[in-house]
Amino acid sequence: MSNACSKEVDQFMQGLIKRNPHEPEFHQAVQEVTESVMSLILDNQKYQDAQILERMTEPDRIVIFRVTWEADDGTVRANRAWRVQFNNAIGPYKGGLRFHPSVTQSILKFLGFEQVFKNSLTGLPMGGAKGGANFNPRGKSRSEVMRFCQSLMIELHRHIGEDTDVPAGDIGVGSREISFLFGQYKRLANRFVGTLTGKGLEFGGSAGRKEATGYGCVYFCENMFEHRGDSMVGKTVAVSGSGNVAIYAIEKSLTMGAKVVTASDSSGFIHDPNGIDQEKLAYLKDLKEERRGRIHEYAEKYPEATFHAGERPWNVPVDIALPCATQNEISEKDAHALVQNGVLAVSEGANMPSVAEAVTIFREAKILYGPGKAANAGGVAVSGLEQSQNALRLSWSRQEVDARLQGIMHDIHHKCLEHGSDNGYVDYVKGSNVAGFIKVADAMLAYGVV
Ligand code: NDP
Ligand code: 2IT
């Protein structure tokens with residue numbers, strides 16, 4: 001970034017921080033995009049005249065509401081929920097719902113903002129949104145989770161619709177929660193339409209949606225290696241998380257011929273130097289998807305693995321890091337450790353898992369660094385394909401969906417090359433931000449002053 005540009009970025013960010021105080025995650029996401037697109041804006045008077053960046057960083061609306069529900073012991077509980085409808089310039093709002101005690105408006109605004117660019121990159125007609133609640137599903141019974149989902153939908157249903165806003169899952173919201181939410185939506189709306197994605201295969205869900213984010217993240221990683229004339233075959237991989245994205249990132253890494261040596265949850269990580277093979281992965285799926293157990297149980301079952309309480313996996317020497325847990329899970333120190341240990345590629349399954357300083361370290365080290373909005377776009381892309389199938393009242397085969405997913409990840413990689421190539425180095429951060437920005441900005445310009 002030129003000095004002239006950095007002055008403009010600072011000035012813009014000062015205003016944004018003043019307008020949105022106490023929202024550090026939102027500031028972080030906007031800062032990165034602003035640094036990427038400022039020179040394009042300065043070169044294009046039309047974007048300046050239209051105040052395009054000011055408009056793109058202001059959500060269309062945020063709905064905030066109370067969710068009251070009853071626990072199994074009869075006590076009454078209340079949580080706060082949000083839907084951030086960020087931008088619908090290129091299609092109906094689209095993005096996940098997160099249930100986690102750490103959820104704040106800042107986190108949902110950063111996620112909604114990222115979603116705008118990610119959805120634009122997929123090439124599908126989807127605007128950006130995010131929602132969720134500061135509800136902790138851990139330790140809650142199935143009935144409690146059901147009552148929470150039903151109560152939340154009583155308010156949310158009036159703000160969503162198949163052509164308006166289409167939620168899906170995220171942290172704490174998997175197929176069980178989507179089923180409860182969709183069942184309640186269908187009752188309230190008295191219509192069977194694709195207003196949520198990630199649905200069960202029996203009621204309008206798409207083959208391959210569950211696997212799509214993790215698989216897509218690995219396809220993107222393989223695309224980055226391919227562009228350098230290399231591949232994932234024989235490489236060692238550190239994965240963080242053991243939820244939906246992590247499990248299928250591990251699965252696809254294995255089929256790519258790589259060796260995955262770590263997985264984690266919020267209690268710590270396991271290191272299995274022999275690698276997580278198909279049998280161990282089946283155990284991990286059962287542990288996490290069915291029994292909702294903790295990651296230390298893996299090390300008890302497989303004594304060759306060690307459990308590291310309260311730690312993250314980034315000090316383990318590996319060729320590839322796939323962060324698939326949560327935001328800001330790779331600190332500056334972690335990034336230094338990864339680079340010093342010779343990491344070749346980081347492909348982000350999670351949203352914004354690297355702090356800003358870590359991103360700088362990866363870019364300066366010129367490793368293959370695929371930011372979340374490009375690398376994890378496979379999930380929302382297959383959600384978009386689920387919407388298409390619902391609209392057509394058809395179901396495509398797993399092979400058909402996977403072929404489309406691979407095509408979309410390849411196209412996203414290509415867009416990054418187009419906008420991020422610089423003297424043989426591909427800056428995937430700049431490439432994805434600029435490519436995502438142009439489509440949305442030009443749609444907004446076409447609409448005039450709205
Ligand atoms: P899940 O709830 O299925 O799994 C989340 C995993 O991350 C769990 O292992 C969880 O551990 C761990 N985790 C969550 N919060 C923290 C935390 N604060 N500190 C440490 N570990 C944590 O969620 P997903 O797999 O769906 O989502 C993971 C990431 O991928 C998120 O960043 C999400 O936004 C992103 N993403 C998800 C998509 C999807 O389709 N689901 C699409 C694109 C991106 P524990 O169980 O102990 O909490
Ligand atoms: O962050 C994400 O892209 C998601 N959680 C998936 C969103 C979606 O609508 O499938």
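The fewest-to-most ranking of Thr104, Thr122, Thr75 by surrounding Cβ atoms within 10 Å reads Thr75, Thr104, Thr122. Taking packing as the residue-averaged number of other Cβ atoms within 10 angstrom, the listed peptides 246-253, 341-348, 415-422 run from highest to lowest as 246-253, 341-348, 415-422.
Treating the chain as a set of equal point scatterers at the Cα positions, no solvent, please give the Debye-formula log₁₀ I(q)/I(0) at q = 0.07, 0.13, 0.14 Å⁻¹. For the chain, the Cα-only Debye profile gives -0.32, -1.19, -1.39. Converting phi to 3J(HN,Hα) with the Karplus coefficients 6.51, -1.76 and 1.60 and the offset θ = phi - 60°, the stretch 203-208 yields 10, x, x, 9, 4, x Hz in sequence order, with x at every glycine or proline. Dipole size of the stretch 328-450 about its Cα centre, with +1 on Lys/Arg Cβ and -1 on Asp/Glu Cβ: approximately 280 debye, rounded to the nearest 20.
Once both labels are positioned 7 Å from their Cα atoms along Cα-to-Cβ, the gap between His336 and Glu297 label points is 3.8 nm. Each Lys and Arg contributes +1 and each Asp and Glu -1, all at the Cβ; summed about the Cα centre of the chain, the dipole is approximately 1280 debye.
Which of Lys301/Lys373; Lys46/Lys210; Lys46/Lys430; Lys140/Lys199; Lys130/Lys186; Lys288/Lys366 have a Cα-Cα distance over 32 Å?
Pairs exceeding 32 Å: Lys301/Lys373; Lys46/Lys210; Lys288/Lys366.
Stretching the chain fully between Ser141 and Asn328 yields a gain of 64.4 nm (0.36 nm per residue, less the alpha carbon separation).
Name the residues of the stretch 165-187 whose amide N is less than 20 Å from a point 7 angstrom out from the Cα of Phe65 along the C-beta direction? Output list for this probe position: 165-170, 173-174, 177-187. The length gained on full extension between Leu445 and Glu418, counted as 0.36 nm times the residue separation minus their Cα-Cα distance, comes to 7.5 nm. When the Cα gyration tensor is reduced to axis lengths a ≥ b ≥ c, the ratio a/c is 1.5 or higher for the stretch 167-307, and with a/b not above b/c it is classed as oblate. In this structure the amide hydrogen of Val346, modeled in the peptide plane, comes within under 5 Å of the amide hydrogens of Ala321, Leu368, Tyr369, Gly370, none closer than 5 places in sequence on its chain.
A dipole drawn for the stretch 326-450 from +1 and -1 charges on Cβ atoms has a positive end, and of Ser421, Ala381, Val339 the residue lying farthest that way is Ala381. Each of Glu329, Glu357, Glu202 was scored by other Cβ atoms within 10 Å of its Cβ. Listed from fewest to most, they are Glu202, Glu357, Glu329.
Ordering Ala189, Asn79, Ile330 by Cα displacement along the dipole of the chain toward the positive end leaves Ala189 in first place; charges were set at the Cβ atoms of Lys, Arg (+1) and Asp, Glu (-1). Here the gap between Ser395 and Ser102, fully extended at 0.36 nm per residue and compared with their Cα-Cα distance, gives a gain of 101.8 nm.
May I ask which residue of Ile154, Gly139, Phe99 lies farthest towards the positive end of the charge dipole of the chain, with charges of +1 (Lys, Arg) and -1 (Asp, Glu) on Cβ and the Cα centre as origin? Final value for the positive-end residue is Ile154.
Quick one: compute the contact order of the chain, relative version, from alpha carbon pairs under 8 angstrom and 6+ residues apart, as a percent.
Working: 928 pairs, mean separation 69.3, N = 450.
About 15 percent, as a whole number.
A simple packing score, the average count of other Cβ atoms within 10 Å per residue, orders the peptides 436-442, 297-303 as 436-442, 297-303, with the highest score first. Of the DSSP H helices in the chain, those with a Cα length along their own long axis of 15 Å or more and a mean Kyte-Doolittle hydropathy reaching 0.5 comprise 244-255, 428-446. Each Lys and Arg Cβ is given +1 and each Asp and Glu Cβ -1; about its Cα centre, the stretch 8-58 then shows a dipole of about 180 debye. The Cα atoms of the stretch 1-102 cover 61, 28, 18 Å along the three principal axes, with the biggest extent listed first.
We did not get these values from a lab; they are worked out from the coordinates using the rules stated. Remember, predicted model here, so these are calculated numbers, not experimental data. Please note: Cβ atoms are built from the backbone with ideal geometry, for glycine as well, and neighbour counts cover all protein chains shown.
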